[in-house]
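Asks: This structure is in structure tokens; I'll ask about it shortly.
Just so it is clear, none of the values below were taken in a lab; they were calculated from the coordinates. These numbers come from a predicted model, not from an experiment. All Cβ positions, even for glycine, are placed from backbone atoms using ideal geometry, and neighbour counts span all protein chains on display.
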Amino acid sequence: MTKRKFILLSALIFFLSAWLLLDNSSARAVQQPSWAVWVKQLREEAISRGIRPEVFDRAFSTVKEPSRKVMHLERTQPERRITFLKYRSTRADPFRIRIGRAKYQKHHRILTEIGNKYGVNPCFIVSLWGMETSYGSYMGNFPVIQSLATLAYESQRKAFFRKQLFYALEILNGGHVTLQNFKGEWAGASGQPQFLPSSWHNYAVDYDGDGRKDIWNDLPDAFASIANYLAKHGWKAHQPWAIEVILPSGFDTRLVNGKIKKTIQEWQRMGIRTVGGRPWPHGNEEAELIRPDGGPNFLVFNNFNVLMKWNRSTYYAGTVGWMAEQICGRPIQ
């Protein structure tokens, strides 16, 4: 091939590649309408779903464009790696435990009533409340509609956040919270228990019968909603959540995987002992053996797995259970 032909061929390849890139960009632009068009289409669908036009218009009256801050947070979530014990000592520090005990005593009557109704130990209600919002002291400052609209328009999970956005509009449509108070964390969770709108839709409770499922300002509603979430996911009353154990020398560590179920008696026969001689839970429930990040060993029961439905982190579930016991001042079995 002559030098002239080579240059011409290279130029042709370059312009063809540029044209293909431009064509793909144009195709993407066609697929993604402008913000104004997208909001207009969203409004039409929302109204078809029963959202009143005035509710939608007020909700979007200050949402002029996607939030750059929300998208920055969505794209740059840090991956922190710490040990379980460090995580637990940070999230369930002595101050948070002390406040939790005070809250438990202050709201003991309604917590006991709700716990009995849903079959959930009230110390777990308080522990989750403390983990999520420090007992309601900080519920987030991001306007929920702005956050969810941004994520429904731009994130990698558009369909998921679009669904959450319609549920959020349903909350406003029913008058369960005012637009001014409808704030939360950047991904749309809000209220005392930090529910996503879909969790509100599925599990929120109007416990005091005032016509609103108010998990933002009404503590009985918030407590009952937490309890209802746990109950609907299979919480078993008067049963253990986990117990820290010691493995015998030469124990087959392949069993420490959180997947193999054995009864308490079966684990005992393999030489497993409780830490500090703590009494074994009553009954003979099935449990799995886990070791979070090489830390302590735990036998975990059904209720631990229910906590994992709330937040799929062994660190989180282990910390909620441990803090619940510190709040109650006794092992929960």
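Asks: Go through 112-121, 41-50 and give me the packing order, highest mean Cβ count within 10 Å leading.
Replies: Ranking, from highest mean packing down: 112-121, 41-50.
Asks: If you don't mind, there's one more thing I want to ask. Which stretch or stretches of segment 310-333 have amide N atoms under 16 Å from the point lying 7 Å from Q105's Cα along the Cα→Cβ direction?
Replies: So the set is 326-330.
Asks: If I take R0 = 51 Å and measure r between the Cβ atoms of R52 and K261 in this structure, what FRET efficiency does the formula 1/(1 + (r/R0)^6) give, to the nearest 0.05? Please list the in-between numbers first.
Replies: Working: r = 50 Å, r/R0 = 0.98.
Approximately 0.55, to the nearest 0.05.
Asks: Of the cross-linked pairs K86/K163; K261/K309; K163/K262; K158/K183; K103/K259, which ones have a Cα-Cα span greater than 30 Å in the structure shown?
Replies: Flagged as over cut-off: K86/K163; K163/K262; K103/K259.
Asks: Taking N as the number of residues in the chain, what is its alpha-carbon radius of gyration divided by 2.2 N^0.38 Å?
Replies: Scaled against compact globular proteins, the figure is 1.28.
Asks: To check my understanding: the extent here is largest minus smallest coordinate of the Cα atoms along each principal axis. What are those three numbers for segment 35-129, in Å, largest first?
Replies: Extents along the principal axes: 50, 39, 21 Å.
Asks: Explain nothing, just the number: dipole magnitude of the chain about its Cα centre with +1 on each Lys and Arg Cβ and -1 on each Asp and Glu Cβ, in debye rounded to the nearest 20.
Replies: Numbers: 45 positive and 28 negative charges, 215 e Å.
Around 1040 debye, computed over the chain.
Asks: Which value, in debye to the nearest 20, describes the size of the charge dipole of segment 248-313 about its Cα centre when Lys and Arg Cβ atoms bear +1, Asp and Glu Cβ atoms bear -1, and nothing else is charged?
Replies: On the way: 10 positive and 6 negative charges, 15 e Å.
Computed about the Cα centre, the dipole is about 80 debye.
Asks: Shifting gears a bit: Please name whichever of T178, V63, I114 sits farthest to the positive end of the charge dipole of the chain, dipole taken about the Cα centre and charges placed at Cβ: Lys and Arg +1, Asp and Glu -1.
Replies: Looking along the dipole axis, the top candidate is V63.
Asks: Now for a separate question. In percent, what relative contact order does segment 102-205 have, based on Cα pairs under 8 Å that are 6 or more apart in sequence?
Replies: Values: 116 pairs, mean separation 28.9, N = 104.
Once divided by the residue count of segment 102-205, the mean separation gives 28 percent.
Asks: Taking the chain as a Gaussian network, where each spring joins two C-alpha atoms under 10 Å apart, which residue of L128, L247, L219 fluctuates the most?
Replies: Among L128, L247, L219, the largest mean-square fluctuation in the Gaussian network model of the chain belongs to L247.
Asks: Can you work out the FRET efficiency for the pair R98 and E286, with r the C-beta to C-beta distance and R0 = 25 Å, to the nearest 0.05? Don't skip to the answer; put the middle values down first.
Replies: Details: r = 35 Å, r/R0 = 1.39.
The pair R98/E286 has a calculated efficiency of 0.10.
Asks: Let me ask you something else. Looking at the chain, do any whole DSSP H helices span at least 30 angstrom along their long axis by alpha carbon and average 0.0 or above on Kyte-Doolittle, and which?
Replies: Working: long enough: 3-31 (42 Å, 0.83).
Correct list, ordered by number: 3-31.
Asks: Dipole magnitude of segment 89-179 about its Cα centre, charges +1 at Lys/Arg Cβ and -1 at Asp/Glu Cβ only, in debye to the nearest 20? Working shown, then result.
Replies: Working: 12 positive and 5 negative charges, 49 e Å.
For segment 89-179, the charge dipole is close to 240 debye.
Asks: Another question about this same structure. Quote the convex hull volume per residue of segment 193-291, based on C-alpha atoms, as a whole number of Å³. Spell out each step's value before the answer.
Replies: Numbers: hull volume 14.0 nm³, N = 99.
Each residue corresponds to 141 Å³ of Cα convex hull volume.
Asks: Any idea which of G276, G188, L307 is furthest toward the positive side of the dipole for the chain, if Lys and Arg beta-carbons carry +1 and Asp and Glu beta-carbons -1?
Replies: G276
Asks: Pull out the extension gain between S137 and T253, defined as 0.36 nm times the separation in residues minus the alpha carbon to alpha carbon distance; nm, one decimal. Spell out each step's value before the answer.
Replies: Details: separation 116, 0.36 × 116 = 41.76 nm, distance 4.22 nm.
Taking 0.36 nm per residue and subtracting the Cα distance, the gain is 37.5 nm.
Asks: Sort all Cα-Cα distances of segment 98-238 into consecutive 10 angstrom bins from zero, then give the percent of pairs in each bin up to the one containing the longest distance.
Replies: Result, from short to long distances: 13, 42, 32, 11, 1 percent.
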